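The values are calculated or read from the model by the stated rules, or taken from the named source; none is laboratory data. This structure is a prediction, so every number in the text was calculated from the model and none was measured. When we count neighbours, we look across all protein chains shown, and the Cβ atoms used for this are built from the backbone with ideal geometry, even at glycine.
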């Protein structure tokens, strides 16, 4: 095999965790291959076009899945350089300290590390992504003043955002950052903020339109991972492989390898692969008012209420045209647009618990039918979370009504996988987790996980900043090990042989 296919590390997936890990590895002196299933998004403005993005779903994956009952499902996934970070709503919040601890009444497992171990990497991620807050705009300020006056149970604070400070000067970008990819690079995301720093470095190589189909184990020692095989038959080799394809995809890649290598019955952690899927319980709420709304960014605050410790509200960064897409379709389009111009959108989310029955896996082939991936998730398996989300939604709807706003709701269905996580969760040992505190797969050598699938908890806020921070942390730890190996290559080689 040619030297150009040998690296010190291979990262599978260019989203938040994969890009962050690659960045730290390259800075640590490793030769890194970043392998992305998709390609670069266009910068011609098409990723801001509501007809192409929302109505046509042009940039979404068309990958066919099944739900837990065998019905057809198409998750809203994106395969492109930068992954979902190109499309996310730029909300970059830290988890609270208590959200690293277990919460048994809510069926939430704890992290194997404390918040303190992530603090420096949160700082670094915020710096790389240009996280800042924006002044609350007039329409939202009036709404918040009615909902959360002094002494209210509802508490509003500024939303940390990955947006350029001058985004308001670009009205189309400012009105279409939430769920759209910036054509001008005005969002803090994986490609613009991190990959661009690696682009011209000789130790870094990006492979696009390169789908990893299989992990490759060492001959005679399948617990050691030494490379990947792409869909086109090419093989890339490295002693360190990082799974970062996302919580729906990384576990299926690992499960496929464990089955083929005969490790599924040998490794204790194997029984947890793909399980404990978390999605957040999500509701979009449209608050109707008699006056036209003129706020531009909108998504400048986050609200919480300690009666609902696992839930939060954030405004949608949607203008009137986008809000009209959330209004029931039986209302004529022209009227929906008029209503949308006088409405404010909100996004309510509640952390779901962890049920081993909520999982992703590849279905067994049946006759000539193709093998399809399965997303088996049922919120009734998580009664505490489902109850809190119902009560939280009603409470916020009532708060809006008291403020003079009539609100209608729309639940986000199973295809809404933007916050999917937990399917290779981190933990202290293989009895209840797949990955250890240092990102290694229990019982395997040379295999790490740096995407959202490691999250034992998803918290009450968006998980993306925490995924970035985890990727930076694991990349840093591995880079430190690499530096030690380079300093003492002979001794380390002898130790490895002795093991």
Starting from residues that are within 20 Å of the chain's Cα centre (by Cα) and not in a loop (DSSP other than H, G, I, E, B), keep the ones in the range 103-116 and report whichever is surrounded by the most Cβ atoms within 10 Å (Cβ to Cβ). 108
Just need a number here: residues in the range 149-174 that are under 23 Å from the mean Cα position of the chain (by Cα), buried (at least 16 other Cβ atoms within 10 Å of the Cβ) and closer than 28 Å to residue 392 by Cβ. 5
Test: residue 155 is under 30 Å from residue 255 (Cβ atoms) and in contact with a strand residue (DSSP E or B) (Cβ under 6 Å, 6 or more places away or on another chain): no
Restricting to the range 69-102, name every residue that is part of a helix (DSSP H, G or I), touching a helix residue (DSSP H, G or I) at 6+ places or on another chain (Cβ under 7 Å) and in contact (Cβ under 8 Å) with a residue 60 or more places away in the chain. 83, 85, 86, 100
Checked the range 129-146 for anything assigned to a helix (DSSP H, G or I) and surrounded by 19 or more Cβ atoms within 10 Å (Cβ to Cβ); matches are 129, 140, 143, 144
Hey, does the range 382-399 have a residue that's touching a strand residue (DSSP E or B) at 6+ places or on another chain (Cβ under 8 Å), surrounded by fewer than 20 Cβ atoms within 10 Å (Cβ to Cβ) and in a loop (DSSP other than H, G, I, E, B)? no
Report yes if residue 359 is out of contact with any helix residue (DSSP H, G or I) (no Cβ under 7 Å at 6 or more places or on another chain) and either surrounded by 12 or more Cβ atoms within 10 Å (Cβ to Cβ) or closer than 30 Å to residue 292 by Cβ (or both), otherwise no. yes
Conditions (1) modelled with pLDDT of 95 or more; (2) surrounded by fewer than 20 Cβ atoms within 10 Å (Cβ to Cβ); (3) part of a loop (DSSP other than H, G, I, E, B): number failed by residue 66: (3)
If only one of 446, 404 is in the same structural domain as residue 124 (by TED's automatic domain parsing), surrounded by fewer than 24 Cβ atoms within 10 Å (Cβ to Cβ) and at positive phi, which one is it? 446
Need the failing condition index for residue 165 against (1) over 26 Å from residue 230 (Cα atoms); (2) assigned to a loop (DSSP other than H, G, I, E, B); (3) in the same structural domain as residue 238 (by TED's automatic domain parsing), just the number. (3)
